[in-house]
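Working notes, structure below.
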Amino acid sequence: MKLGSQIRELRRAAGMTQEQLGEKLMVSPQAVSKWELDTGFPDINLIPMMANLFGVSIDTIFGFDIEKREEKIEQLRREAGKYFWDDPEKCEQMLLAAIEKYPTSDSLKADLLDLYITNAKEDKKDKKEAYLTKAAKLAGQLISEASDVFSLCRAKETLAEIYLRQDRYDDAKKLINSLPYMYPYMLRDKMRVTSDCLCGEDRLAEAKEWKVMETQELFIACAREGEGYYEIGDYESAIRSYTEAIDVIERFMKTKEVSYDAYPIRGTQSNHWSHYLCIAACHYKLGRSEECGRAIDRAHYIITHAWIGDAVWESDPDYYLDVYREEYHELRLDEYRPLEI
């Protein structure tokens, strides 16, 4: 971590403004601002004074314990992540507490942003607007402060999604156009480098994860292509794209039979049935009644079998079925056949 970022985090953790810190160190707020932006550096004699003010060691000021800090942040992320789906309110409180402790952590804020936007999409209570408001505020903060490209891109994507909900298409497009154009293979991360360079069990462990991630990327890309064709009225091409998405999903299922444990990534069940409904909608547009019916039947089978064994499905199947019903109506398939579930 750069010295400026460390000073900023410690100052915020201590609940001080730049003016208050400057006053205690007998320097101007502008000087503190320059330190935090790494456009200027404090006099070496001020470092012990800062350490004393913040109640930390001089090593901490210089970020020498950064590895321990990151380990603690990752542990907090893992603990909060356990409640992401089943208890979002508890997850939110845990992340907020972690951010209070580590106020400059982009990863913690990105996790909280993901929680907000996910619940804004899925919450069935009167909390959607509240989650959207929180998401918009946090996204704006990350866009102005984030130091890593992943958090910055996620924040811009989230804010663009919010603009689209507000019918601000041009604002969303402008924000999206400001994103970097970066192909995945150009990012030499741990997963790819381990798979390419190491051997045996080390290579295998990461290659398995890489395959799952790339499989997900591929079927999502095929589906997005299908959506594009559907929106311009090219229903034949849309069917081909959605069929490709389904082929990828079914090719990498653990078993041929639909079941809760058959999918490598939880949630792929919803992509699976959704693509069949989209194919049904295309056939309906083309006047193909029989093909439309077969696609609906397949989607119905998947939604009623793919979540059996999941705790949420067992206690509240409408949690999943409501999403199915909503998409069925949006695609106007009830004009062909009344909804059966």
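The values are calculated or read from the model by the stated rules, or taken from the named source; none is laboratory data. The structure presented is a predicted model; accordingly, all values stated were derived computationally and were not measured. No Cβ is skipped: glycine too gets one built from the backbone with ideal geometry, and neighbour counts run over all protein chains shown.
So that you can scan it fast, the table gives a plain yes or no per residue for (1) assigned to a loop (DSSP other than H, G, I, E, B); (2) over 29 Å from the mean Cα position of the chain (by Cα):
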{"site": "Ala238", "(1), (2)": "no, no"}
{"site": "Ile246", "(1), (2)": "no, no"}
{"site": "Ile249", "(1), (2)": "no, no"}
{"site": "Lys254", "(1), (2)": "yes, no"}
{"site": "Tyr276", "(1), (2)": "no, no"}
{"site": "Glu290", "(1), (2)": "no, yes"}
{"site": "His300", "(1), (2)": "no, no"}
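Would you mind stating whether Leu112 is in a helix (DSSP H, G or I), modelled with pLDDT of 90 or more and among the aliphatic types (A, V, I, L, M)? Yes. Please count how many residues of the stretch 29-71 are of a type in the set (Lys, Arg) and either surrounded by 15 or more Cβ atoms within 10 Å (Cβ to Cβ) or part of a loop (DSSP other than H, G, I, E, B) (or both). Number satisfying all stated conditions: 2.
Residue pairs whose Cβ atoms lie under 6 Å apart, separated by 6 or more positions or on different chains, with the first residue in the stretch 308-336 and of a type in the set (A, V, I, L, M) and the second in a loop (DSSP other than H, G, I, E, B), are Leu321/Ile341. Could you tell me which residue of the stretch 1-56 is nearest to Asp106 (Cα to Cα), considering only residues that are in contact with a Phe, Trp or Tyr (Cβ under 9 Å, 6 or more places away or on another chain) and among the aromatic types (Phe, Trp, Tyr)? Looking at the filtered set, the residue picked out is Trp35. With respect to Leu21, is the statement that it is closer than 30 Å to Leu113 by Cα, at pLDDT 85 or above and surrounded by fewer than 17 Cβ atoms within 10 Å (Cβ to Cβ) true? In short, no.
All conditions but one from (1) touching a residue at least 24 places away in the same chain (Cβ under 8 Å); (2) surrounded by 15 or more Cβ atoms within 10 Å (Cβ to Cβ); (3) outside the structural domain of Tyr319 (by TED's automatic domain parsing) apply to Asp148; the one that does not is (2). Residues considered: Tyr235, Tyr276, Tyr229, Tyr301. Of these, the only one that is surrounded by 14 or more Cβ atoms within 10 Å (Cβ to Cβ) and touching a residue at least 40 places away in the same chain (Cβ under 8 Å) is Tyr235. Here is the figure for the stretch 176-214: residues that are in a helix (DSSP H, G or I) and either more than 29 Å from Ala146 (Cα to Cα) or more than 18 Å from the chain's Cα centre (by Cα) (or both) total 21. Could you please let me know if Tyr336 is touching a helix residue (DSSP H, G or I) at 6+ places or on another chain (Cβ under 7 Å), surrounded by fewer than 21 Cβ atoms within 10 Å (Cβ to Cβ) and of a type in the set (Ser, Thr, Tyr)? The answer is yes for Tyr336.
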